[in-house]
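Novice: Encoded as structure tokens, here's the structure I'll be asking about.
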Amino acid sequence: MNLRKFAPVAAFVAFMAAFPWMVAPFDAISHYTDVMVFAGIFCLVTIGLSLLMGFAGQISLAQAAFFGIGAYASAILTGRFGWNPWAAMPAGAAAAAAVAWIVGVPALRLKGHYLAMATLGFGVIVHIVLNEEVEWTGGPSGMVDIPGLSVAGVRVLSETAWYYLVWTFVAAALIFSYHVLHSRVGRALRAIHEAEKAAEAMGVPVASYKVQVFVYSAVLASLAGSLYTHYVTFLTPSSFDLMWSVRFVLMVVVGGMQSLWGAVLGTVFLTFVGNEWLHVFADFEVLVYGGILLAVALLVPQGLVVWMQEKLSRRRETLLPRSE
Amino acid sequence: MTSPRFSSSDPILILQDVHMQFGGVTALKGIRYQVPRGIVQSIIGPNGAGKTTLLNCISGVLHPTEGRISFLGRRVEREPPHRIAALGMSRTFQHVALFPQMSVLENVMVGRHVRTRSGFWAAGLRTRSMRREEAAIGRDARAWLDFVGLADAAHLPAGALPLGKQKILEIARALATDPALLLLDEPAGGLNTRETEELGELIGRIKERGTTVILVEHDMNLVMTISDRILVLYYGQPLASGVPDEIKENPEVIQAYLGDEWTPDEGAPIMNGQL
Amino acid sequence: MESAGFGAAWLQYALGGITIGAIYALVAIGYNIIYNVTEIINFAQGEFVMLGGLFAVFFYEACGLPILAAFLAAVAAVALTGLVLERYVIRNARQATVLSMIIITIAFSILLKGGAMLAWGKDPYRLPPFTGGGSILWNGVAVQPQALWVLGVSGIIVVCLTLFFRRSVYGKAMLACADNPAAARLVGIPVRTMIFLSFMLSAAIGAAAGVSITPITLMEYDRGALLGLKGFGAAVLGGLGQFFGALVAGLLLGLAESFCAGYVSSGYKDAVALVLLLLALFFKPEGLFGSKEAAGLKRF
Amino acid sequence: MVGGRLAQCVGRWSRIVLWVCVLALMVPAGVLAGGEPYKIGAVFSVTGGASFLGEPEKRTAEMIVEQVNAQGGINGHPVELILYDDETDATKCNLAVKKLIKRDKVPVIIGPTTSGNSLAVVGLAEDFKIPLISCAASYKIVEPVESRRWVFKVAGSDKHVVGKMYDYMKAKGISRIGIMTVSDGFGASGREELLRLAQEYGITVVADERYGPKDTDLTAQLTKIRESGAQAVVNWSVGPTAVLAVKGWRDLKMEGMPLFQSHGFGSKKYLELSGDAAEGVLLPLARVNVGPLLPDDHPQKKVIMEYKQAYEAKYQEPISSFGGHAWDSMHLALAALKAVGPDPAKIRDFLENTKNFVGQHGIFNFSPQDHNGLSKDDLEMVVVKKGDWALAQ
């Protein structure tokens, strides 16, 4: 990794590490750390989705369902069966992985609108089950008093502690995903997106790779769910409905599907827009939210971050004129 | 970069009564043919004769409605393309199917996929064996780029190459899978004469390495100069097969190409590649 | 109080199922029209239904138009919205991939929902049934006249559309645009106006559905999403692009929901409809009436 | 009728302009009265699924602050209302309450609107020791008392509503009922109480149906209850489904089986939407909805009539019982601020010991064991007569 490429990464890590301290003194934005905790949790979901949708080209409107499976698995295992949260987390991830595999095998044979509809249908079914199985999930009135999380005996309570815990998970997921992308597996995924028939002819087992990346995105979403459970200590099915799946897709698309940074920055941007900056519009909030999305989808289809990257790279070296 | 050894001199590919039906249309009617090892086998025939369909059946993109295909002694007519590729068969496509946004080098590296093993976890954790394998993939891919003469374009996006170079790149990618059998689907389509000559020379070098080549092509000049055997398809059926000289003189072949109004005594325009 | 006086419960479930099924069918038809001409799935279709209902309320109550005039005015107003969607949004997204088109239509549906919330507020609204009078007792089953209107409107629309797309030149021209826009242009079909018409037509049909169900189900600004989802399910179940398929699949979906609510568990009613949809997608993606080959050729 | 509607449609745009002016007005008013402003934090579901509860709550809270500031605020301090919309979403509500506590540093919080969102933030009130007065009904908001020291609620618990309903049924000799509940926080908690208290009152539940908040057709559920041999139907939902239940009950000719609604049906808008289909529907209601029917010497009559006139004059809309929750929580908060000033701990103690506070939803008697302070006597059994409420005999 030459220095030039490494510098922006180091700068970003430094900024993120110092973020809670920079924000604390200013009253008006002192609560931004809380928003960043939620943004970090959502980043875990969108990093997996970015690999699945941006790189392998398979849309999924079910991420909120896997987010919910992880959340409720952790809540039930720790709340009702007294498991240690750190054991419940991988168990939830395993459950989400199994469900993702069962649904993924038939669903990922489909393409485009059909795949979107299949994942959407599955997501809504999970939401209905969470709503109806009242004895396990507390149903629509939710589950209360879910135990918190403690690291090495110390209960993670303050926002800053949660911030560092969540963003360590995000960093780990980013590094793991970055490595996957820059390996034969990553190249195979991108090949599937660009010319599926050719990838299959070159020996890439397309069907199984699609399911693998779908399971990977489900595992990340489940881990995010477990963190969310212990942070909010209260769950209602409405936090895992179709609208949240749509929001996760929008976060990846707005940020830019062709880069992991696009997913992360897009998520942070939309989390702040959704929870913070739009309050000034009050009743017009929904209208402005829709307007932003439409503008980005129409004017900057490749996403904000990728658009900025292109602007920067275009200054540095010119590309050969395309032949077709 | 050795192609997998195949024991005896058995034919590399055996087609038995291969039959292909799309709804009412019969694309291939009972084809029986054997391709010996190490030769350049061309398949020619007028448009719609079923050349590409046959290639798709052999490579697993399509499954024949009836009949058996055995490759290196193994039945493959029901196998998915990625498994056939693992057995040692690779191909190019009539309309170039590259990965446009990936670099030239990365396209060829995907070719190495079938010959390498590290999985999702190994990739994510960058285990030592994975890193060693990645280095090998890089070396092999560059070697194949040198072999086809595209080394200098390694870091350009594949989509940025002119058509001629894209065709060559697709061959390099196919070669990177260390195939025992290479299927080329109209590689000369859209090339000028100089590029076609280079292509012929490249196919010769591929043959020298012991790789069997099946060439579907319209450019008669190219076919006649580099083919060891030629199979002529006509409306989904084999019309004739043999060495280039026999095919040149074969009246039925000429008839098939020129349609009914030609009569044998007008000479064989096919000879000087006018088609 | 034994139910001697009441007809078999299943008949009541069936009628309820058919009524709501007809609405799913109309929404599905809206999807198919646009899909037939542009292969786009317009996720804002549900909002057209909502807008139809709310515009009708505005014309009927605020402007005092009689119910029929309010119906036509609402259909026209929503058709205008469809025009705006095509003219200012879809037309600028020419090279959009399947995915970004899905995002664009979702963003537009959020815009419509936000706008409706501002204009009509957050409360539910009601329209009087087209023909007055309460429900009639028909061999023990209570039948609402409005339900008959819903079925009537759906039936008429399906018949007209099937004729339009099969018999009339305009209809065939629209279908040609879907299969091969370039070729359609070559033979002189104004592809742009065809796409334009398809969006207005599908918006109008969505509105008709919205107006006819509002007397039964009331209408509020965020009612569109669920209707859109169920309608899309029916469209896929019946085979994308098939009108007759959409009608049958819509009714099937409505009946499945109603009988599940009646005999299994009313909580899992929506789940049954979605399981049906998933089974269709996994095992018969071309839908009940689509042809396998045609589905195979669809480019995605 | 048409003129009114037209005014209302046009009124909507002018109201938005009005709302902006109110906001503009509030700032200078605060400055005028001098002294450090007393802050009150509020979180309501102004948009999203529960918007028809949150909207009247927001308007009531804003109206009260305007009134208080017009009379010079409290002890010379202007009152500043900091209000956030949680869009009926638990995550957004969690964030909004954290913002109120950390950034705006409010000493007391009123809301949230729904039971689900309230439960999502009780933990925050406890952790950060800020008194929170919820406008939602679920008993879990204030029980178990040990882990809810900082949390109060002003809506009658479902067990009071169910108790009142079952008393009335026993009096009329009804012992077999069919229940249908909406599958959201409101419906689920109602269903729990209906099932839990049934044995106590010797009532058997012969049908237990559920439906979604956005469902458009309840004939299946009603038919099943009609076939179940029940003597009465209980529908527990709020919003459009409450109206659909009434229309379905009428369309299926089930008049022989009386229909009981939950207090969720308690708003004139739903009466108007149900039209004459609602004739004869019975429901327990807080007295805020039936102010004019109360005898003049009734302690609550004065406050109810004041609120009714002020609200309907300002917003040209009939008052709703949900707005009443905001009235109660605001006035409790204002009373505490007046008595002990903006100190969270003192406010908590003051609230916990508030006795016979006359509110819209009853006369509140809080205690360390009861952070709701209401009972079923705070409710009236009401029947719908010719499009309006009437006291049921």
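Novice: When you check C:ALA107 against the structure, is it in a helix (DSSP H, G or I) and in contact with a Gly (Cβ under 8 Å, 6 or more places away or on another chain), yes or no?
Specialist: Taking the combined requirement at face value, the residue satisfies it.
Novice: I would also like to ask the following. Which ones in region D:183-210 are in contact (Cβ under 8 Å) with a residue 60 or more places away in the chain and either within 13 Å of chain C (Cβ to nearest Cβ) or surrounded by fewer than 17 Cβ atoms within 10 Å (Cβ to Cβ) (or both)?
Specialist: The answer is D:ASP184, and nothing else.
Novice: Take region B:91-134 and flag every residue that is more than 7 Å from chain A (Cβ to nearest Cβ), touching a Ser or Thr at 6+ places or on another chain (Cβ under 8 Å), in contact (Cβ under 8 Å) with a residue 12 or more places away in the chain and of a type outside the set (Lys, Arg).
Specialist: The answer is B:GLN94, B:GLU133.
Novice: Could you please let me know if C:LEU229 is of a type outside the set (Asp, Glu) and more than 13 Å from the chain's Cα centre (by Cα)?
Specialist: Spelling it out, it is not the case that C:LEU229 is of a type outside the set (Asp, Glu) and more than 13 Å from the chain's Cα centre (by Cα).
Novice: Hey, among A:LYS210, A:LYS197, which residue is within 8 Å of another protein chain (Cβ to nearest Cβ) and among the charged types (D, E, K, R)? Please lay out each step first, then the result.
Specialist: On the way: A:LYS210 fails: within 8 Å of another protein chain (Cβ to nearest Cβ).
Just one listed residue meets the conditions, A:LYS197.
Novice: Here's a follow-up. Return yes when C:ILE40 is part of a loop (DSSP other than H, G, I, E, B) and either crowded, with 18+ Cβ neighbours inside 10 Å or in contact with a helix residue (DSSP H, G or I) (Cβ under 9 Å, 6 or more places away or on another chain) (or both) and no when it is not. Break it down into steps so the answer makes sense when it comes.
Specialist: Working: part of a loop (DSSP other than H, G, I, E, B): yes; either crowded, with 18+ Cβ neighbours inside 10 Å or in contact with a helix residue (DSSP H, G or I) (Cβ under 9 Å, 6 or more places away or on another chain) (or both): yes.
The answer is yes for C:ILE40.
Novice: Oh, and also: Does region C:152-175 contain any residue that is in contact with a strand residue (DSSP E or B) (Cβ under 9 Å, 6 or more places away or on another chain) and not in a loop (DSSP other than H, G, I, E, B)?
Specialist: No, region C:152-175 contains no residue that is in contact with a strand residue (DSSP E or B) (Cβ under 9 Å, 6 or more places away or on another chain) and not in a loop (DSSP other than H, G, I, E, B).
Novice: Inside region C:96-143, can you point out the residues that are surrounded by 19 or more Cβ atoms within 10 Å (Cβ to Cβ), under 30 Å from C:ALA9 (Cα atoms) and either hydrophobic (A, V, I, L, M, F, W, C) or facing another protein chain (nearest Cβ under 7 Å) (or both)?
Specialist: C:PRO124, C:ARG126, C:LEU127, C:SER135, C:VAL141, C:ALA142
Novice: Here's something else I'd like to know. Name the strands (runs of 3 or more DSSP E) wholly inside region D:77-178 in which the number of residues that are modelled with pLDDT of 90 or more and closer than 23 Å to D:GLY264 by Cα is 3 or more. Walk me through it before giving the result.
Specialist: Values: elements: D:79-85, D:132-134, D:151-153.
Of the strands (runs of 3 or more DSSP E) lying wholly inside region D:77-178, those with at least 3 residues that are modelled with pLDDT of 90 or more and closer than 23 Å to D:GLY264 by Cα span D:132-134, D:151-153.
Novice: For region C:176-203, how many residues meet the condition of being surrounded by fewer than 22 Cβ atoms within 10 Å (Cβ to Cβ), part of a helix (DSSP H, G or I) and of a type in the set (S, T, N, Q)?
Specialist: 1
Novice: Over 22 Å from the mean Cα position of the chain (by Cα) and more than 20 Å from D:GLY362 (Cβ to Cβ): does that describe D:LYS99?
Specialist: yes
Novice: Looking at B:ALA143, B:ALA158, can you tell me which residue is more than 8 Å from chain A (Cβ to nearest Cβ), surrounded by fewer than 17 Cβ atoms within 10 Å (Cβ to Cβ) and either of a type in the set (Phe, Trp, Tyr) or over 18 Å from the mean Cα position of the chain (by Cα) (or both)?
Specialist: The unique qualifying residue is B:ALA143.
Novice: Is there any pair linking a residue in region D:241-262 that is under 10 Å from D:LEU222 (Cα atoms) and facing another protein chain (nearest Cβ under 7 Å) to one that is of a type in the set (D, E, K, R) and surrounded by 24 or more Cβ atoms within 10 Å (Cβ to Cβ), with Cβ under 9 Å and at least six apart or on different chains, and which?
Specialist: D:LEU252/D:ARG226
Novice: Considering only region A:129-141, state which residues are in a helix (DSSP H, G or I), over 11 Å from A:GLY68 (Cβ atoms) and within 9 Å of another protein chain (Cβ to nearest Cβ). Walk me through how you get there before you give the answer.
Specialist: Going through region A:129-141, the residues in a helix (DSSP H, G or I) turn out to be A:129-132, A:134-137, A:139-141.
Keeping just the survivors that are over 11 Å from A:GLY68 (Cβ atoms) gives A:132, A:134-136, A:139-141.
Of everything in region A:129-141, those that are in a helix (DSSP H, G or I), over 11 Å from A:GLY68 (Cβ atoms) and within 9 Å of another protein chain (Cβ to nearest Cβ) turn out to be A:GLU132, A:VAL134, A:GLY139, A:PRO140, A:SER141.
Novice: Continuing with this model, one more query. Among the residues in region C:276-298, are any closer than 24 Å to C:GLN146 by Cβ, under 19 Å from the mean Cα position of the chain (by Cα) and crowded, with 19+ Cβ neighbours inside 10 Å?
Specialist: no
Novice: Would you say A:PHE42 is in a helix (DSSP H, G or I) and within 14 Å of chain D (Cβ to nearest Cβ)?
Specialist: Considered against the rule, which asks whether it is in a helix (DSSP H, G or I) and within 14 Å of chain D (Cβ to nearest Cβ), A:PHE42 comes out as yes.
Novice: Report yes if some residue within region A:142-158 is more than 7 Å from every other protein chain (Cβ to nearest Cβ), part of a helix (DSSP H, G or I) and not hydrophobic (A, V, I, L, M, F, W, C); otherwise report no.
Specialist: no
Novice: So B:PRO64 passes all but one of these: (1) assigned to a loop (DSSP other than H, G, I, E, B); (2) of a type outside the set (A, V, I, L, M); (3) touching an Asp or Glu at 6+ places or on another chain (Cβ under 9 Å); (4) surrounded by fewer than 23 Cβ atoms within 10 Å (Cβ to Cβ). Which condition number does it fail?
Specialist: Failing condition for B:PRO64: (4).
The values are calculated or read from the model by the stated rules, or taken from the named source; none is laboratory data. Just so we're clear, the structure is a prediction, and the values are computed from it rather than from any experiment. Cβ: placed from backbone, ideal geometry, glycine included. Neighbour counts: every protein chain shown.
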